[in-house]
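Notes follow the structure.
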Amino acid sequence: MKTLYRRQFAMMAGVIFLSFLLLGSAFTGLSYQYVLNDKREGMESNASHIAAFTAAYLSGVGSSVQEPAYQLYVSSLSSISGSTVILAENDGEIAYATSAESVGVNSLLSGAIPDEVMKEVSDHGGYAKPSSLGGLVAGSCYVVATPILQHSVISGRTYQRGAVFVVNEMSSLTQLWRDFASMFILAAIVVFLLSAVVASITSMRLTKPLKDMAAAAGRFGQGEFDIRVEGCEGRRDEVGELAEAFNAMADSLAKSEAQRSEFIANVSHELKTPMTTIAGFTDGILDGTIPREKEEEALRTISSETRRLSRLVRRMLDVSRLQSSENITAQERFDVAEVLLRVLVSLEGKITDRGLDVETHLPDGPVMVWGDPDAITQVCYNLLDNAIKFAAPGTTLSLEVQVKGEKAFVSVSDIGETIPPEELGQIFDRFHKTDRSRSIDRDGVGLGLYIVKTIINNHRENITVTSDSGLTTFTFTLTIA
C-alpha cells in the first residue's frame, strides 16, 4: 500500500529531479553554445588577421608564403592561439601549414582541401563548422576558414588568392564547457541529496500527526476517550490547526460520552424512584401490609408517582424530538409579547396559589420576531413555571421585553434563593437540580431548562442567567422580523 509519506516524498523528489533535469539541459545547451561561439569568434578573428596579413605580405615585401619571415609570424600566431593554421590555394592545394601535432594532421603538405569546402569559402566568404577536411585531420576538429582577398592595382579588382584555415581540436574547444558541466552536476547532486533529506523530513513531519490522528480515532472506536494528538502544540500551519480541531473534537466526544453516561445514570435514578414507590405501595396493598384505612392514601401516592413518571417520559420524548436531526425550527413572524402574556394567563392559577405578584414591562405595540411560535411558547412556559416554583411566597415576578437593535430581549425574573455562581454554568444541563430550596420540589425532573436551552440553540439565539442577592433572571434573544 502506498502511504501518504511515500507519495509525498516521491512527488517532491520527482519535482526536484525534473527541475534539475530541465535546468541541467538548459544550462548544458546554453553553456556549450556560449563556449563554442566564443571560441569560434576567436578563431575567425585569427583567420581574418592572418588572411589580411598574407594579402598585404604578398602584395608588398614578400612573394611567397614559403619565406621564413612569413612562416615565423604565422607560426607565432598559431602557437599563441593553440591552433593549426593552413594556407591553401584556390584549387585546394595546401601551400603552407603550421605544426599539426595538436590536431593530428595527416600529411597536410601532400594533401588538398576538398573542393566543396573551397567552394563554400568562395561562395559564402567563410567556413565555420566541425569537419575533418576530407580526412586531412584526424578525430573531431572545428574548422574556421577565411578567403585571402587581394586587390589588383592594374585592373582595380579584388580577387581571391586562396584561403586561411584555422583548426582546433574539439576536445580543447569543449574543455571549458566540460569543467562548467562537471561543477554544475556536482552541485546538482549535492543539492538534490539535501533536497531529498529535507523532503523526507517534511513529508514525515506532515504525515506523523495524520497517523497519530488515525490511531487515536481507532482507539476512540474502542472506547478510549482520553486519547489526544500530541506534539503539534507549537505548529502554526494547517496540520497544527487540524490537530487542534481534532483534539477539540475529542474533548467534545469525551464530554458527550460523559453526558451520555450521566444521562443514563440520571434516567435510571429518576425512573427507579417512582417505580420503587409504586411497586412498594402496590405490594403493601396486595399482601395486606398496608391497613385498609390507609389504602386510599397509598393509592394517592401511587397516582402521584405515576403522573410524575409520565411527566418524566414526556420530557424525555421532548428532548429526543428536539435533538432529532429531523427537527427543523419553523421560521414565522409572531408577537413575542403576546406569547408571553398568553403563557402568563395560563399559569394564573399557580401564581395565585403561591401568593405572587406580577410586574410586566412590555412595549406599547407588538414585538414581531422570527421563530417557531409553539417552541417559544414552551420556552416562556418553562421559564415562567420555573420562576413560580422557586420564587419566595409573596414576592413579585417580573416579565420584560426590550428591543435593542435587531434583537428582542425577553426576561423572566423571580426573587428567591440565590443560585451559587459555580452552579450557574450547569443549570441548563440535563437532570440538573440546584441544592437546598430548588431540590425540594418533586414535580420537576431537571429537563425543563435543558429543553429551553435546546430550543433557543435551534433558533441560533442566546440565553443567559444571572442570580444575585436573591434575584434570578433568565434572558433570551430573538431576531426582530
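The values are calculated or read from the model by the stated rules, or taken from the named source; none is laboratory data. Predicted, not measured: the structure shown is a model, and the values here were computed from it. Please note: Cβ atoms are built from the backbone with ideal geometry, for glycine as well, and neighbour counts cover all protein chains shown. Ligands, DNA and RNA are stripped out before the accessible areas are found, and what is left, the full protein with its side chains, is counted by its heavy atoms. Shrake-Rupley method; radii C 1.70, N 1.55, O 1.52, S 1.80 Å.
Return the total of residues in the stretch 2-55 being part of a helix (DSSP H, G or I), more than 30 Å from His124 (Cβ to Cβ) and open to solvent by 80 Å² or more (accessible area, probe 1.4 Å). Spell out the reasoning first.
Our first condition is that a residue be part of a helix (DSSP H, G or I); within the stretch 2-55, this holds for 4-55.
Still in the list and also more than 30 Å from His124 (Cβ to Cβ): 4-27.
Checking the rest, the ones that are also open to solvent by 80 Å² or more (accessible area, probe 1.4 Å) come to 6-7, 11, 15, 17-18, 21-23.
Going through the stretch 2-55 one residue at a time, the tally reaches 9.
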* Residue, modelled with the lowest pLDDT, within the stretch 356-391, restricted to residues that are closer than 23 Å to Gly470 by Cβ and open to solvent by 40 Å² or more (accessible area, probe 1.4 Å) -> Lys389
* Mind checking which pairs have a first residue in the stretch 373-390 that is within 13 Å of Leu356 (Cβ to Cβ) and in contact (Cβ under 8 Å) with a residue 24 or more places away in the chain and a second that is among the small types (Gly, Ala, Ser) and not in a helix (DSSP H, G or I), Cβ under 6 Å, 6 or more apart or different chains? -> Phe390/Gly416
* **Pair list, Cβ under 8 Å, 6 or more apart: the stretch 292-316 residue in contact (Cβ under 8 Å) with a residue 12 or more places away in the chain and open to solvent by less than 70 Å² (accessible area, probe 1.4 Å), other residue among the small types (Gly, Ala, Ser) and assigned to a helix (DSSP H, G or I)** => Ala298/Gly284; Arg315/Gly448
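Could you check, for the stretch 323-336, whether at least one of its residues is at pLDDT 90 or above, in a helix (DSSP H, G or I) and either of a type outside the set (S, T, N, Q) or surrounded by fewer than 14 Cβ atoms within 10 Å (Cβ to Cβ) (or both)? Spell out how you get there, then give the answer.
First, the residues of the stretch 323-336 that are at pLDDT 90 or above: 333-336.
Now drop any that are not in a helix (DSSP H, G or I), which leaves 336.
Narrowing the set further to residues that are either of a type outside the set (S, T, N, Q) or surrounded by fewer than 14 Cβ atoms within 10 Å (Cβ to Cβ) (or both) leaves 336.
Yes, because at least one residue in the stretch 323-336 is at pLDDT 90 or above, in a helix (DSSP H, G or I) and either of a type outside the set (S, T, N, Q) or surrounded by fewer than 14 Cβ atoms within 10 Å (Cβ to Cβ) (or both).
Just to verify a result, which residue in the stretch 182-210, among those that are over 17 Å from the mean Cα position of the chain (by Cα) and surrounded by 14 or more Cβ atoms within 10 Å (Cβ to Cβ), is nearest to Met12 (Cα to Cα)?
So in the stretch 182-210, the residues over 17 Å from the mean Cα position of the chain (by Cα) come out as 182-201.
With the extra rule that they be surrounded by 14 or more Cβ atoms within 10 Å (Cβ to Cβ), the set shrinks to 184-185, 188, 192, 195-196, 199-200.
On the way: Phe184: 21, Ile185: 20, Ala188: 15, Phe192: 11, Ser195: 9, Ala196: 8, Ala199: 6, Ser200: 9 Å.
Only one residue tops the list, namely Ala199.
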* If you go through the stretch 145-169 one residue at a time, how many are open to solvent by 40 Å² or more (accessible area, probe 1.4 Å) and among the hydroxyl-bearing types (Ser, Thr, Tyr)? -> 3
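Take the stretch 269-318 and flag every residue that is among the hydroxyl-bearing types (Ser, Thr, Tyr), more than 29 Å from Gln378 (Cβ to Cβ), part of a helix (DSSP H, G or I) and out of contact with any helix residue (DSSP H, G or I) (no Cβ under 7 Å at 6 or more places or on another chain).
Quick first cut of the stretch 269-318, residues among the hydroxyl-bearing types (Ser, Thr, Tyr) only: 273, 276-277, 282, 289, 301, 303-304, 306, 310.
Imposing the further condition that a residue be more than 29 Å from Gln378 (Cβ to Cβ) reduces the set to 276, 282, 289, 301.
Within this subset, residues satisfying the condition of being part of a helix (DSSP H, G or I) are 276, 282, 301.
If the condition is that a residue be among the hydroxyl-bearing types (Ser, Thr, Tyr), more than 29 Å from Gln378 (Cβ to Cβ), part of a helix (DSSP H, G or I) and out of contact with any helix residue (DSSP H, G or I) (no Cβ under 7 Å at 6 or more places or on another chain), then Thr276 is the only one that fits.
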* Taking the stretch 112-144 as the region of interest, how many residues are under 22 Å from Gly82 (Cβ atoms), open to solvent by 50 Å² or more (accessible area, probe 1.4 Å) and touching a residue at least 24 places away in the same chain (Cβ under 8 Å)? -> 3
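Looking at the stretch 56-82, which of the residues that are of a type in the set (Ser, Thr, Tyr) and within 20 Å of Pro130 (Cα to Cα) is least open to solvent (accessible area, probe 1.4 Å)?
The initial filter retains those residues of the stretch 56-82 that are of a type in the set (Ser, Thr, Tyr), namely 57, 59, 63-64, 70, 73, 75-76, 78-79, 81.
From what's left, within 20 Å of Pro130 (Cα to Cα): 78, 81.
Details: Ser78: 9, Ser81: 34 Å².
If we take residues in the stretch 56-82 being of a type in the set (Ser, Thr, Tyr) and within 20 Å of Pro130 (Cα to Cα), then Ser78 is least open to solvent (accessible area, probe 1.4 Å).
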